[in-house]
Amino acid sequence: MDDLDKLQLPLLVIQGSADPFGTMQHARLIQERAGRTLLIVELPASGHNPHMDAELVTLGALARFLRGMENGRSDNGRQKRKDSANLAKF
């Protein structure tokens, strides 16, 4: 976690609320330490494999994130800033 501030690309963090190996606290730690635009997606009914547990929602979140990057903006429409972060619940 100490090297998160060195990342140069925007981050998408997808966290299942039923994940036995990770929690939203992990996502928040990434948010606190990352030095880039960040979108956190919490999937309430998903476990450790959101791409399998909630495939369509995961793909939708990924598409939304990529559209934001393509448009040069963060998820909520603001210009990308080093300290901007969003939390989405599906």
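The values are calculated or read from the model by the stated rules, or taken from the named source; none is laboratory data. These numbers come from a predicted model, not from an experiment. When we count neighbours, we look across all protein chains shown, and the Cβ atoms used for this are built from the backbone with ideal geometry, even at glycine.
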Considering residues of segment 9-22 that are in contact with a Lys or Arg (Cβ under 7 Å, 6 or more places away or on another chain) and in a loop (DSSP other than H, G, I, E, B) only, the residue farthest from Leu38 (Cα to Cα): Leu9
Test: residue in segment 58-73 that is among the hydrophobic types (A, V, I, L, M, F, W, C), surrounded by 13 or more Cβ atoms within 10 Å (Cβ to Cβ) and either at pLDDT below 75 or in contact with a Pro (Cβ under 8 Å, 6 or more places away or on another chain) (or both): yes
Residue match in segment 31-51 (condition: modelled with pLDDT of 90 or more and part of a helix (DSSP H, G or I)): yes
Residue satisfying all of: in segment 30-56; within 12 Å of the chain's Cα centre (by Cα) and among the hydrophobic types (A, V, I, L, M, F, W, C); surrounded by the fewest Cβ atoms within 10 Å (Cβ to Cβ) among these: Ile30
